[in-house]
Amino acid sequence: MTLSLVLSLLALAFVRGTPILLASLGGVLSERSGIVNIALEGEMTAGAFAAALISYFTRDPWIGAIGGVAVGAGVGFALGFAATRWRVDQIVAGMGINLICTGGAAFGLIFVFNQAGVTPQVPAINQALWPMVIGAIVLAAVLQWAIARTPIGLRLRACGENPHAARAAGIDPLAVRLYASTIAGALAGLGGVFLALGELNLYSDGMIAGRGFIALAAVIFGRWTPLGAAGVALIFGLLEALQFALQGTIAWLPSDFLQALPYIAALLALLGASGRYRPPAAEGKPYP
Amino acid sequence: MLDDVDLTCEAGEIHALVGENGAGKSTLAAIAAGELATDAGEIERSGRIGLVHQHFALIERLRVWENVVLGHEPQRGGTIDRDAARAFVREIGERYGLEVDPDALVESLPVGIRQRVELLRELARDPSILILDEPTAALSPGEVLRLFGTIALLTQRGVGVLVITHKLDEVFAHAGRVTVLRRGRIVEERPIAATTRERVARAMIGGEIPSIPAHEPTHGAIAVRVTDLAVTGAIENLSLQIAAGEILGIAGVEGNGQTALADALAGLTAFRGSVERPSSIGVIPQDRLLEAVIPSWSLLENAMLGRERAASAKPSWRIDRAAARTQCTAIVERFDVRATSIDAPLSTLSGGNQQKLVVGRALIDNPAFVIAYNPTRGIDIGATATVHTELLAARNRGAAILLVSFELDELFALSDRILVIARGALRGEFADRRFDREAIGRLMVSA
């Protein structure tokens, strides 16, 4: 294996890992506030589809990107609202959101473009790919610092550990959780934007392909810390890159198996992690 | 819940609020602190009222200083000034005798120290009145003294302290004034100097103090035989025997192996050595909410928990609901559990009434062996008398009883024999009800 091959493999790992990384940062924020976020998949889908759609009609990929993030945030807000104001079971609400978003995007393709499966090519921001990769890693470090060191970070953690104690200290856990869920949606939406407009220039059905759930695994395996989740997300990126590199090199191995590699790795990682890592104590529990 | 209650707490006084479980003490505290709303009436506060709950509301996985400054963090350039926060914790700690390592994780701290953190958190907000709800329920005798030392320092600085308690010893040792609450009404309010313990006790329960039956000696065969019991990290080579019709008291400071001993005898933890005990066993667990009940379930369901087949006369694959109701009603009547209905969620009952159900569940089938771990922790005089009477009745019926308690008075009142445990080993034995309080106290802290 030559050096250039290794370098291109690593570069691909970063690119493939970044959307997972962005969504996992959102997952960390919402879970540390106490909201289980299995809706990352739907939020990524909504962000990717909205970005492509808006970019197509405005012919401006930057407006598309902002729109994708905003729609992701809106979906995150919906999850947060359902979880805090209506006290809906967070897993059920998350599943509902995932179904609505994937179904809504598939429906939107036919409704808007009159074709199933994929949008036409749209204006993209491929030139911003690497700045986004680097920005995502910097963001992970910033969030790590903010959660540990700032008053807002402390309050976020307090809400995820014991919202009653946070309430007694004058903090509104419902507001904190709603904000955290909304920002989480924006970050997952940005992950979707990265896929649709950063790497490619379209949206296609199944494009997210479980990356939201992989991001959730990264949250858990990264022990609910931004840098931990980012590291695990990049490892998943590396597995995806390896999968690309290995395709066709081993004749007897079906490519389907190689494509399943990152998911199998996530499953094994979660099996190893289960029980050993402690989630935030009040995660998934409605307040009050 | 509360009806026409007038209560004042003045600056610099220690005011005791006493009453049976369900009398409305905690409700009154929550209203005073602004956590609950009233239907009528008003609260006048000169300054902040701080409330320390009976079940601590700390965030376990945060550090001590994080718990203390949460919501009013000292800041420097947008970040928390951690040095200032640590210094703040140390400063209040030194001022009031509440020394704690500011960087310790709360979950790593024992109960007594957690209470200091809880106090620190309230004191950090500079209250003019501090309400302590059952502050000594989980403390050792030394910690209780220390707590009242802190309270004295607070009152010297002009803070009014309202202590909610069941323990009349503490009321008469430390308080300046006492208010008795019964069924949501104030039935007595006097300076301590102008009342007596008997008078306060009568006011609390609204009648005469129930007496415990006399302690007649019994002579039974050995029912429980423990040989060379060892539980990793807790106890080593511990041997003891309990006769039928005997209450064996275990005296010791919390965390010296009592939990491992009780769990091993109940079959709840792995151990080495041999344990011979009867198969019919009743357990009154240490932590009611954690180990004994499911609060959202009804009295009926909780009464059947763990003994789903006991109600049925003949073996069956289903629960005999009718028989279960009869049994639960029997427990409720015999053990004086005060509830609106056996179908009400257990969480609607006061702690003392929940505990009476737990005790009733453990004793109703007349087990040959009973493990009672702090059976009256945090419950009132009336409920305590019921529990003590029933434990003695079980003993007189021939049950062997292991009684673990952190209260020497309880051990002295009930035990036939007392073993002292310290650092996972037995340090002394006191038989024939000849108990020497001082000698036992010394052995409890021996190394």
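Values for this structure:
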| read-out | value |
| --- | --- |
| From the options B:Ala152, B:Ala221, B:Ala194, B:Ala201, residue that is surrounded by fewer than 20 Cβ atoms within 10 Å (Cβ to Cβ) and closer than 30 Å to B:Ala243 by Cβ | B:Ala221 |
| Sole exception among (1) over 26 Å from A:Ala148 (Cβ atoms); (2) outside any helix (DSSP H, G or I); (3) modelled with pLDDT under 90 for B:Phe56, by number | (1) |
| Unmet criterion (only one of (1) within 14 Å of chain B (Cβ to nearest Cβ); (2) hydroxyl-bearing (Ser, Thr, Tyr); (3) over 30 Å from A:Pro288 (Cα atoms)) for A:Thr150 | (3) |
| Qualifying positions in the range B:1-45 - in contact (Cβ under 8 Å) with a residue 12 or more places away in the chain, on the phi < 0 side of the Ramachandran plot, part of a loop (DSSP other than H, G, I, E, B) and within 14 Å of chain A (Cβ to nearest Cβ) | B:Ala33, B:Glu35 |
| Enumeration of residues in the range A:63-122 that are touching a Phe, Trp or Tyr at 6+ places or on another chain (Cβ under 7 Å) and either buried (at least 16 other Cβ atoms within 10 Å of the Cβ) or polar (S, T, N, Q) (or both) | A:Ala105, A:Gly108, A:Thr119, A:Val122 |
| All positions within the range B:423-447 that are among the hydrophobic types (A, V, I, L, M, F, W, C) and either modelled with pLDDT of 90 or more or exposed (fewer than 14 other Cβ atoms within 10 Å of the Cβ) (or both) | B:Ala425, B:Leu426, B:Phe430, B:Ala431, B:Ala439, B:Ala447 |
| Residue match in the range A:117-127 (condition: assigned to a helix (DSSP H, G or I) and either in contact with a His (Cβ under 8 Å, 6 or more places away or on another chain) or more than 20 Å from A:Ala175 (Cα to Cα) (or both)) | yes |
| Residue that is modelled with the lowest pLDDT, among those in the range B:87-107 that are within 14 Å of chain A (Cβ to nearest Cβ) and not in a loop (DSSP other than H, G, I, E, B) | B:Glu107 |
| Listing of strands (runs of 3 or more DSSP E) fully contained in the range B:145-252 that carry 1 or more residues being touching a residue at least 40 places away in the same chain (Cβ under 8 Å) and of a type in the set (D, E, K, R) | B:177-182, B:185-191, B:222-231, B:235-243 |
| Of all residues making up the range A:220-277, the number that are surrounded by fewer than 14 Cβ atoms within 10 Å (Cβ to Cβ) and of a type in the set (Phe, Trp, Tyr) | 2 |
| Options B:Arg48, B:Arg61, B:Arg76: the member that is more than 22 Å from B:Thr348 (Cα to Cα), touching a residue at least 60 places away in the same chain (Cβ under 8 Å) and within 14 Å of chain A (Cβ to nearest Cβ) | B:Arg48 |
| One residue from A:Ala184, A:Ala209 being hydrophobic (A, V, I, L, M, F, W, C), surrounded by fewer than 19 Cβ atoms within 10 Å (Cβ to Cβ) and within 12 Å of the chain's Cα centre (by Cα) | A:Ala209 |
| Scan of the range A:169-204 for residues that are within 14 Å of chain B (Cβ to nearest Cβ) and out of contact with any Leu (no Cβ under 8 Å at 6 or more places or on another chain), ordered by number | A:Gly170, A:Asp172, A:Pro173, A:Ala175 |
| Residue list for the range A:58-96, restricted to those being in a helix (DSSP H, G or I) and in contact with a Pro (Cβ under 6 Å, 6 or more places away or on another chain) | A:Pro61 |
| Pair list, Cβ < 6 Å and 6+ apart or interchain, from the range A:259-288 residues that are away from chain B (no Cβ under 14 Å) and farther than 18 Å from A:Ile235 by Cβ to residues that are part of a loop (DSSP other than H, G, I, E, B) and of a type in the set (Val, Ile, Thr) | A:Gly284/A:Val36 |
| Breaking point among (1) within 9 Å of chain A (Cβ to nearest Cβ); (2) outside any loop (DSSP other than H, G, I, E, B); (3) at pLDDT below 90, for B:Glu66 | (3) |
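The values are calculated or read from the model by the stated rules, or taken from the named source; none is laboratory data. From a predicted model like this one, the values you see are computed outputs, not experimental measurements. Backbone-built Cβ (ideal geometry, glycine too); neighbour counts: all protein chains shown.
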